[in-house]
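Input: a single structure, listed below in structure tokens.
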Amino acid sequence: MKTTGRLYHAHSNTFIYCELSLSDECVVFSNDEGLHERLPKPRLVLGMAIKGQAQDITLPDGRRFLCDDKTFRLNQHSTSSFIERSEQHKGLVIGAIFFCPLLLYWLFFIAIPHVAASSAGHLPQSVIETIGQQSMTLIEKAALEPTQLDEQKVANAERIWLELINQLQLNEQKYRLGFYQSEFFGANAFALPHGQIVVTDDLILKLADYDDAFRAVLLHEIGHVEHRHSVKIAAQTAGTTVALAIVFGDLQGIVDLALGVGTAIMQQQFSQGMERQADDYALSNLLKLGYKPEHFATALEIISQGTDDDSQSWSKYLSTHPHVKSRIEKARTYKHP
Ligand SMILES: [Zn+2]
């Protein structure tokens, strides 16, 4: 077998023309200008055979030979030719078109959430603390202002909070309550992975005459922390970011990882299952502590007033807490499980 092509110098775009001939198990490179090199085939590194491209050959010293004939293959019966044949197999190509999206769906919607959910339970508290604090810094910068509530309202909310933490025998160092004014969140409360719970001025004002309802909202948020919902979302976001970076080869995406986690928590993308768990936590603890589960229904009803107008801030709390009617109904009829 004889063929012609370009012999590139190592790590360079410069080349010389030469002839390649195959004899026994040796490859000979030669030209009119005195080149004559004989190399045993096993010492050559063969490139992958890609349809429409000649197979490139790398010499031991780093030089590369590229054949003029695009159908050139030095190894006819290797893995590469298997890949090449596969690429020409219609059934396999059609199969791949269906299989690849399925694989990506499985990866992003089943595998990553599953791994994230199970890993969330094993993350050390120090990592959770860091994720929580970083997210809080981001959210504070983006959407929170210092509270404008008067001292009396803050003191009353703090009294209810501390009473609750003591009754539930939770760690006062871990669980902290923060008061903020926020256009973005409107009347809202949300929990960060490390145990900080944020309540907005609008929420406090709306529930000013309903201490029991406010207590129910706090219990719901504590439920999110106890079930590690934000940690799961953070782990899922991190997993998705890394997987996307690997699948699409964009490793720059990993740099934005911390930002992605903060944004996900800010958007409070809790699943309905997570909301149900937090509701159950609130309802069962209301009963356990001697309050009525109906107070949670009252909270939802008061907050949902005025949701017809989308610009009304109250609607935000409910848009992040779906199926409010069924949740109100559940709270009204809740009995101890
Ligand atoms: Zn919730």
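Since every read-out is calculated from the coordinates, none of them should be taken as a lab result. Since this is a predicted model, take the numbers as computed values, not measurements. For neighbour counting, all protein chains shown are included, and Cβ atoms are generated from backbone atoms with ideal geometry for every residue, glycine included.
Quick notes on this one:
- The alpha-carbon of residue 41 sits under 23 angstrom from the alpha-carbons of these lysines, leaving out residues fewer than 8 places away in its chain: 2, 51, 70.
- Packing-based order for 177-189, 94-106, using average beta carbon neighbours within 10 Å, highest first: 177-189, 94-106
- Percentage relative contact order, region 1-96, counting C-alpha pairs under 8 Å, at least six apart: 23 percent
- Ranked by the mean number of other Cβ atoms within 10 Å per residue, highest first, peptides 234-243, 191-200, 206-215 order as 191-200, 234-243, 206-215.
- Cα centroid separation - region 116-185 against region 1-50, whole Å: 68 Å
- Lysines with Cα under 21 Å of residue 153, excluding same-chain neighbours fewer than 8 positions away: 206
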